[in-house]
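The structure appears right after this line, and notes come after that.
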Amino acid sequence: MKKILSVLLVVMMVLGLTACGSKAGTGTGNDPDPVNTAEKEKTEKTEYYKGWANSADFGTEGEFVRMDLSLDGSKFVMDVGKSHMTVVVGGIEMALYELEDKTYFHMVNPEAQADEWMVSPAGEESLVASAGSESSIDMKGEDFKSVEYVETVTENGVKYDVVNVTTNAIFEEGEEPTEETYKMYVNADTHKLAKVLVDEEVEPEDGSAGDTAKIKVTGTVSFYNGETAFEAPAEATETTYDELMMAFAFSFMGLIMSGPAASVFGN
């Protein structure tokens, strides 16, 4: 029994010495210090983003844009892709799709209990492209007054550098637009702008919201590539391309020019 205890004691001493030796090795200065490494990365990112907006790295992560906003509590969505355009105002939704050699228009109005589809032969020019040209947001680095690095976060497996950007207000036009500071998410690997968090108040120029009232705009503007999957409906009212375009145009203007959307996008 004594021999067994002696052997166990020796083994424990050897293990203890090995462990102590390992711990001693961490203080040699060869291993990176997590705190110093984090501070170094933060310093480097801080310096980098001071010139990011005017560098060759600047750009949006995709050529298509989606606005997912709340206008004084009213839902507003505009998504313009390569071959589709979706607009949602409150509970009303309209969408335009181009698939192969046909164009589809879809309107949903729960209040009127309407859910209608129209289809026509495709036109010579892309209706989606022409409709989206006046509704997309063009982020230009030269318009940024300052860029300040805040932190790096991970969302859905992707790392983003969060920066505060001071620039002209996105939804306010005029000879002297006011400046706003937005929180923007930049892909940490590609350095391309992925999305903008919006939280601002828009003062209508037409007085549609009253003399002193402002429209509270919150939500996100995101940039992406790719396309939204679309399956053609089994039944749709067949019409001419001109008639479908007219129906789309009137519906589009009706949605954009109604309620808070008119104050934000109708200036």
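The loop-placed GluC sites (Glu not before Pro) in segment 154-195, going by DSSP, that have at most 10 neighbouring Cβ atoms within 10 Å of their Cβ come out as Glu175. Spacing of the modelled spin labels on Glu100 and Glu41, each 7 Å from Cα toward Cβ, amounts to 4.9 nm.
Placing R0 at 45 angstrom, the Cβ-Cβ distance between Met246 and Glu148 gives a FRET efficiency of 0.40 after rounding to 0.05. Within straight-line reach of Lys183, meaning a Cα separation under 14 Å, sit the following aspartates and glutamates at least 8 residues removed in sequence or on another chain: Glu148, Glu151, Asp161, Asp199, Glu200.
Between Lys183 and Asn225, the distance separating the two model label sites (each 7 Å from Cα on the Cα→Cβ line) works out to 2.8 nm. With the simple model of a label 7 Å out from the Cα in the direction of the Cβ, Lys75 to Lys140 spans 3.5 nm.
The shape of segment 177-259 comes out oblate: with a ≥ b ≥ c from the C-alpha gyration tensor, a/c is at least 1.5 while a/b does not beat b/c.
Taken together, the values in this text are just the output of simple stated rules run on the coordinates, not laboratory data. Please read these numbers as outputs of a predicted model, since none were measured by experiment. Counting neighbours? That spans all protein chains shown, and the Cβs are built from the backbone with ideal geometry, glycine included.
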